[in-house]
Amino acid sequence: MALRKFVFFFLIISILGLPACQVSHELPPGTALKPVEVHARKIPQDFSKVTPVPTEVTPAPETVQVTAAVFQELPMAPMVMYHRFIPGGARSEKYKVSLSDLDRHLQGFYDAGYSLVALEDWLRGDMDLPEGRRPLIITIDDLFYADQIFLDDEGQAAPYSGIGRIWQFYQEHPDFNFHLALFYNMGDKGYANRYVNGSFYIESGWQEERAKAIAWCIENGALPYNHFFNHPNLSQLTPDQILWQLEENEAALREALSLVGKPELAKSSDNILALPYVIWPETDAGKQVLFDYQSPEGKPVAAILEANDGAHVRPILPPFSKSYDPHHVKRLNAVQEAIDAIIQKAGEIPTAAHCDLGEIPVDALENPFQMKQAILKQIRQGNCTNGYYTLGQFAFYVEEENVIQLSP
Ligand SMILES: [Zn+2]
């Protein structure tokens, strides 16, 4: 997914008096300004004698249709952590899930009302979901292996790879969404580029095939994040070595994407880290390297992910919650008891509703006061309810006609 998805679902730019046109959520400057028809004036023959007369055109205000996601209670999202996948009929293991089990997981999540949100959207406070669905975040660690993502002859994610299987489920259930967070190590593994009868083999040219698979992931909403170059035990490294692991991994991802002429794709992801083996650096100086790390694009670390075994579901809280700790975000390893626990807990995970705020001037989208007023108007008209409102960069809490800004 090259374009980031905002909370504004129906971003319809309209110019008063002109038919509205549907555009993507990003507003390239001038997109909305369709040429206004001006009556043609007679153009004198001799241009040299003419001083151009400026034509007065009153620019029509640009507006967008804005819809907020509303949660009656504090939104939260269980986060599951997958690793490898097993094609064929073998049984799942602690860090390898058979594709038939994966199918059951996905169906169970879906039937329990879960839909996927993008980790980086969540970390920005953007919790948009189809109405009535509850958020779930799927992460996959230790990429890129072919059993995780493999492209078929048509260049699409093959259903005999884990990500391909999730992609297939999404095609059949579009309201499940397709957002994955992929934690990659570019330095410690080869990529099998040939699939025969349920097995993968590495042959020459695998680097380019891996690069194509990475590009497919980014273009479709499975975004790569740093899991350190060689999947090291960080407690055994010096601060300098830790930094090298981060920077080398980022550089290798960009190099890979350059192989297929798409280095710019690496820039689209936010900067999120997951600890290999869930082991922190030994020293404070080592930990500080993680806290201070900036991506090559200068993005600060948005979160550091840990993980747990067992069946104790500790959903991620929104970044505007006082209890949210970006340096210790918990995930649950995708063994069957964990999946069962997440499904059983579904009733405690708030679902999203929608509040249609109507047509809002584009300028107001950056103005929290005006967004508050827009929400209040809908509350007073009885169109929307109390609760947590998230829309784009803003989050508000609404109660009894009080609209309190939570973030930023
Ligand atoms: Zn790992």
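The values are calculated or read from the model by the stated rules, or taken from the named source; none is laboratory data. Just so it is clear, the structure is predicted and the values come from calculations on it, not from any experiment. Counting neighbours? That spans all protein chains shown, and the Cβs are built from the backbone with ideal geometry, glycine included.
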Checklist entry - Can you name every residue in segment 70-86 that is buried (at least 21 other Cβ atoms within 10 Å of the Cβ), within 16 Å of the ligand (Cβ to nearest atom) and either over 20 Å from I343 (Cα atoms) or among the acidic types (D, E) (or both)? => result F85
Checklist entry - List the pairs whose first member sits in segment 155-168 and is in the same structural domain as L182 (by TED's automatic domain parsing), whose second member is β-branched (V, I, T), and whose Cβ atoms are under 6 Å apart, counting only residues at least 6 apart or on separate chains? => result A157/I163; S161/I149; I163/I149
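Could you tell me which of the residues A395, A374, A341 is among the aliphatic types (A, V, I, L, M) and not in a helix (DSSP H, G or I)? First the steps, then the outcome.
Working: A374 fails: not in a helix (DSSP H, G or I); A341 fails: not in a helix (DSSP H, G or I).
None of the others qualify; the one that does is A395.
Can you tell me which residue among L305, L317 is surrounded by fewer than 20 Cβ atoms within 10 Å (Cβ to Cβ) and of a type in the set (A, V, I, L, M, F, W, C)?
On the way: L305 fails: surrounded by fewer than 20 Cβ atoms within 10 Å (Cβ to Cβ).
None of the other options fit; the residue is L317.
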Checklist outcome for this item: How many residues of segment 253-268 are within 16 Å of N185 (Cα to Cα) and either of a type in the set (D, E) or away from the ligand (no atom under 16 Å from the Cβ) (or both)? The answer is 5
Next on the checklist: Only one of G205, G125 is small (G, A, S), surrounded by fewer than 23 Cβ atoms within 10 Å (Cβ to Cβ) and touching a strand residue (DSSP E or B) at 6+ places or on another chain (Cβ under 6 Å). Can you tell me which?
Outcome noted: G125
Item to check | Residues of segment 135-148 satisfying the condition of being within 16 Å of the ligand (Cβ to nearest atom) and on the phi < 0 side of the Ramachandran plot | outcome: I138, T139, I140, D141, L143, F144, Y145, D147, Q148
Checklist outcome for this item: Residue pairs within 7 Å by beta carbon, gap of at least six or interchain, first lying in segment 64-90 and over 30 Å from D325 (Cβ atoms) and in a loop (DSSP other than H, G, I, E, B), second within 16 Å of the ligand (Cβ to nearest atom) and at pLDDT below 90, listed first then second, are none
Checklist entry - Quick one: what pairs do we get from segment 341-354, first residue assigned by TED's automatic domain parsing to the domain that holds R331, second part of a helix (DSSP H, G or I) and surrounded by fewer than 18 Cβ atoms within 10 Å (Cβ to Cβ), C-beta under 7 Å, 6+ apart or different chains? => result I343/G108
Item to check | Sole exception among (1) more than 24 Å from M81 (Cα to Cα); (2) in contact (Cβ under 8 Å) with a residue 24 or more places away in the chain; (3) of a type in the set (D, E, K, R) for E337, by number | outcome: (1)
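Say we look at segment 131-182 and pick out the residues that are aromatic (F, W, Y) and farther than 21 Å from A112 by Cα; which of these is surrounded by the fewest Cβ atoms within 10 Å (Cβ to Cβ)?
Kept after step one, since they are aromatic (F, W, Y), are these residues of segment 131-182: 144-145, 150, 160, 167, 169-170, 176, 178.
Among the residues that remain, those that are also farther than 21 Å from A112 by Cα are: 144-145, 150, 160.
Working: F144: 25, Y145: 21, F150: 27, Y160: 18.
The selected residue is Y160.
Working carefully through the options I343, I339, I304, I316, find the one that is among the β-branched types (V, I, T), more than 19 Å from the chain's Cα centre (by Cα) and more than 19 Å from P130 (Cβ to Cβ).
Checking each option against the conditions leaves just I339.
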Checklist entry - Hey, does segment 388-395 have a residue that's without any contact (Cβ under 8 Å) to a residue 24 or more places away in the chain, at positive phi and outside the structural domain of M127 (by TED's automatic domain parsing)? => result no
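Residue-by-condition table, conditions (1) within 16 Å of the ligand (Cβ to nearest atom); (2) touching a strand residue (DSSP E or B) at 6+ places or on another chain (Cβ under 9 Å); (3) part of a loop (DSSP other than H, G, I, E, B); (4) not assigned by TED's automatic domain parsing to the domain that holds E247:
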residue	(1), (2), (3), (4)
D270	no, yes, yes, no
Y277	yes, no, no, no
Q288	no, no, no, no
F291	no, yes, no, no
G298	no, no, yes, no
I304	yes, yes, no, no
H312	no, yes, yes, no
F320	no, yes, yes, no
P326	no, yes, yes, no
